[in-house]
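Worksheet: one structure, shown below.
Each value in this text was obtained by applying a stated rule to the coordinates, not by laboratory testing. Since the structure is predicted, the reported quantities are computational estimates derived from the model, not experimental observations. Here the Cβ positions follow ideal geometry from the backbone for every residue, glycine too, while neighbour counts run over all protein chains shown.
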Amino acid sequence: MTIFEQVKSELNMIDVAKFYGALASHGMCLCPFHNEKTPSMKLYEKNFHCFGCGEHGDMIDFTAKVFGISSVDAAKRLNYDFGLHIDVDKPLSAEQITEYQQRQSERLAYNQWEKSAWKSIIDYSRLLLEWRKKYSPKTMAENHHPLFVESLMNTDRTDYLFEEFLNEDKSGRLKLKQEVELIEQRLQQYKSPPVKRTHAAR
């Protein structure tokens, strides 16, 4: 087990955040990495995610960013501050370093997807609301605009995705990946409508 794994196995993300000054309530707190008045950082058992600025990671990433130090120094600080008595001075093997770097790379790729997915859900939700208002029929006899119908059909499901994405952990969010991809495709279709062909003059 690496130094990082030992530290993370001993600690809880919420406890770490509170220890370093975060005022957490119901798993949410003000993000220390950008200015905000409404809490947008979600604290999970071992990780955090800010829905405002997109910062994401584990307790070591959190500590490193709060104090502007390296991951190794962050692990050492957590070990000292929480009295874990882990031998953090034991050098990491090349295999351990490679494994950690690979996990960091995978986490970065996931973070990028998560940030993009969250934005897509928000953008589509706003579009549905806009379409509901803009294309709402003025009379009962008026034909319903296709975008108004789409807003009626998809608003509840999009609201559900919004709540699930906010409250679920990584594995829970990944289960929504297929639906998020459909939303991304729909947004792309709306932003890039098909070009209408004109008949050439004879």
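Here are some notes:
- Think of it as helices only: each DSSP H run of n ≥ 4 in the chain is worth -39500 (n - 2.57), and spread over all residues that comes to -19000 deg cm²/dmol at 222 nm.
- Nearest-ten-degree value, helix 94-134 long axis tilted from longest Cα axis of the chain: 30
- Angle between the chain longest axis and helix 177-191 axis [Cα atoms, degrees, rounded to 10]: 50
- Per the chain, cysteines lacking a partner by the 4.7 Å Cβ criterion: Cys29, Cys53
- Theoretical gain in end-to-end length, Ser171 to His85 [0.36 nm per residue, Cα-Cα removed]: 27.8 nm
- Label-point separation, His145 to Arg157 (7 Å along Cα→Cβ), nm: 2.2
- Cα-based helix-to-principal-axis angle, 71-81 vs the chain, degrees rounded to 10: 60
- Inter-label distance, Gln112 to Arg186: 2.6 nm, where each label sits 7 Å from its Cα along the C-beta direction.
- Restricting the calculation to Cα atoms, every distinct pair contributes to the Kirkwood radius of the chain, found to be 20.0 Å.
- Set Lys115/Lys191; Lys46/Lys119; Lys37/Lys191; Lys8/Lys175; Lys46/Lys133; Lys76/Lys177 screened for pairs whose C-alpha atoms are more than 30 Å apart: Lys37/Lys191; Lys46/Lys133; Lys76/Lys177
- What the Cβ-Cβ distance of Glu5 and Tyr135 gives, at R0 = 41 Å and to the nearest 0.05, is a FRET efficiency of 0.15.
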